[in-house]
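For reference, the structure discussed in these notes is given below.
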Amino acid sequence: MVSHNQVDNDIIASIQSSNDIVDVVGEYVQLKKQGRNYFGLCPFHSENTPSFSVNQEKQIFHCFGCGKGGNVFTFMMEIEGYSFPQSVQHLAEKSGQQITLSNQSNETKESNSEEQKILEAYQLLSKLYHHLLKHTKDGKKGLEYLYDRGFNEETIDKFQLGFSPYKKDFIMQFLEQKGYHRQLMIKSGFFTTNHQDRFQGRIVFPIRNITGKTIGFVGRSIDDQEPKYLNSAESPLFQKSKILYNFDQARSEIRKKSEVILTEGSADVMALAQAGFENTVASLGTSFTDTHASILRRYVDTVILCFDGDNAGQQATFKTLKILKKVGCFVKIAMLPTNYDPDQYIKEYGADSFDKHIIQTASTEMSFLMKYYKNDFDLRQEGELLRYVDKIISEIALLASPIDRDFYIRELAEQFSLSHDALTEELSRKMQFVKKNDDNKSNFGNTNEENQYSTNNNKKKVLQRAYLNAERTLLAFMLQNAQIADRVKDKIGSKFNLEQHQIIVTYLYGFYEEGNEPNPSHFLTYIEDQAIQKIVVDLSLLDCNWDISEKELEDYIHIILAEQTGHAKIKQLNNELHAVEKTDPLRAAEIAMEINKIRQQLKRGS
């Protein structure tokens, strides 16, 4: 992970101390404090029950589900795909520190430089497009369009809306004048295949990542150009399936309100934000994905869907609802009148009415489904009605709350004058079927990482030999206490039995020799191997009695050395056995018994 000659250790420690891991992780995960740790849903694997832990005291994170763990640098590398130098650079900028990375390989320098130049070009273009919209003749038509749509100056500035002129090579020339190579610009996806600005004659919406950096654009036609909306080309920086429009600006309000409003498009987001609903986001002209759902679930429990009131909007609501339920979100549906979108409704009725009659009266998922499924059946026909009722009971059977199930069964019975007892009996039958399917998933072919990890951990606990337990416990003490590390170093040096433990103590001795204080989070920056990092995180989380006595220390060391002595003795006896097994069967039997006795002693740790 680390090449320490790139950044001075003191600078790394300074950057680390300036970026509290709870604050950094909290920008990506909704954390709740429980005891000494903070818990949330893991951003690295899909789960409905929080197993992701952050320890503020030790400045490390660990997921008990997928096993990922590390410090604040590791987290940024995992969540953003940064290299270690990039994570250091990012966190330095975040804390207002200026650093220079040295001694990078030419390949790394070229890669980082290229990516950085593309990112810089996006920031420049965002400012240029915005200037062209507000201060040039070319942009006047786009500005008038936005004013006609009801967007004010503040909103246009907040979202940095822009305009791309009709000149085919204007943007290419601008970037070349700024020192950007033509081939790099073509590679970045700024232009069409014939090297023209892909957004010419369009209003431009900058798309920003979670840190607020522009990474792409959406161009909106204001005349007869097709398509109506045009996105930047997909690239490592810009992936529509992983980006939510306005998430960077909405994030703090989402946390504050503990809910997010999800709309269909960028114009709806802007209209709602202008009306005071600043916890609003949208997907980018593409179907809502599992990744989008996982991002939202990390921040909030409640998602309010506010899609268009036409049939297409209702179908999109249904599909999105199902995706959000898979990741455990509580979903409400803000129902708009037929053929209205959020922007139109607010224009006609105002923000107060939208809040009172649309947001505050949002339907539950079950109420929406009961209305939505009616479109699939002709309820005037008896057979169709019974099929509809059966479909709704199947949906009710999936509800977790018995109170909710009873409420909707009663509503169904009253709506169609059916027997409550009969519907409840059918519900019970369907719930047994659901439970049976769930049990089958648990018992056969279950690939849930959390369950597998727990099972593996249990096996490790059962199979763990005494010397392994002694080494792990001793290492845990050493990570927290430099004096204990010194005593162990004097007694046995790096003569641990497990190779991974030998590697850890070698690094740890060097860490303390450089004058560092005990700090598992900082120590992780000295280790390149991710598997070794994971072991260090596990050891750091061990719950030990930190008042270790001299006798306990000696006992642990004795167990560790006994394993080595025992194996050495077994090796010697095996050589003797091979020498006498054909000539002296009696002596061979005695040696075999002695070998077996030593093995039993090693197994017991005596």
Revision key, fill the gap. Among the residues of the stretch 226-267, the number that are of a type outside the set (A, V, I, L, M, F, W, C), in contact (Cβ under 8 Å) with a residue 60 or more places away in the chain, in contact with a Lys or Arg (Cβ under 9 Å, 6 or more places away or on another chain) and assigned to a helix (DSSP H, G or I) is 2
Revision key, fill the gap. Per the filter on the stretch 105-129, residues modelled with pLDDT under 80 and either on the phi > 0 side of the Ramachandran plot or surrounded by 15 or more Cβ atoms within 10 Å (Cβ to Cβ) (or both) are Thr108, Asn112
Practice item. Give the stretch 158-198 a look and list any residue that's hydrophobic (A, V, I, L, M, F, W, C) and part of a loop (DSSP other than H, G, I, E, B), or say none. Key: Phe159, Leu161, Phe190
**Study point:** Exclusive hit being at pLDDT 90 or above and under 22 Å from the mean Cα position of the chain (by Cα), set Gly216, Gly276
**Key:** Gly216
Exercise for review: Select from the stretch 167-203 the residues that are touching a helix residue (DSSP H, G or I) at 6+ places or on another chain (Cβ under 7 Å) and open to solvent by 80 Å² or more (accessible area, probe 1.4 Å) and write down the one among them that is farthest from Thr214 (Cα to Cα).
Suggested key: Arg182
Exercise for review: Select from the stretch 12-27 the residues that are of a type in the set (S, T, N, Q) and open to solvent by 20 Å² or more (accessible area, probe 1.4 Å) and list them in ascending order.
Suggested key: Ser14, Ser17, Ser18
Revision key, fill the gap. Checking Ser126, Ser164 in turn, the sole residue that is of a type in the set (S, T, N, Q) and within 27 Å of Met76 (Cβ to Cβ) turns out to be Ser126
Check your understanding: Out of all the residues in the stretch 28-45, is one or more surrounded by fewer than 19 Cβ atoms within 10 Å (Cβ to Cβ), without any contact (Cβ under 8 Å) to a residue 12 or more places away in the chain and under 24 Å from Ile532 (Cβ atoms)?
Key -> no
**Study point:** Number of positions in the stretch 28-69 that are among the acidic types (Asp, Glu) and under 19 Å from Ala476 (Cβ atoms)
**Key:** 1
Exercise for review: Determine which single condition Thr565 fails, assuming it passes every other condition in (1) in a helix (DSSP H, G or I); (2) of a type in the set (Ser, Thr, Tyr); (3) open to solvent by 20 Å² or more (accessible area, probe 1.4 Å); (4) modelled with pLDDT of 80 or more.
Suggested key: (4)
Practice item. State whether the residues of the stretch 288-301 include one that is modelled with pLDDT of 90 or more, closer than 26 Å to Lys347 by Cβ and either of a type outside the set (Asp, Glu) or touching a strand residue (DSSP E or B) at 6+ places or on another chain (Cβ under 7 Å) (or both). Key: yes
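The values are calculated or read from the model by the stated rules, or taken from the named source; none is laboratory data. Here the structure is a predicted model, which is why all the values come from computation and not from measurement. All Cβ positions, glycine included, derive from the backbone under ideal geometry; neighbour counts span all protein chains shown. For the accessible areas, the whole protein counts, side chains as well, though only heavy atoms, and no ligand, DNA or RNA atoms are used. Shrake-Rupley method; radii C 1.70, N 1.55, O 1.52, S 1.80 Å.
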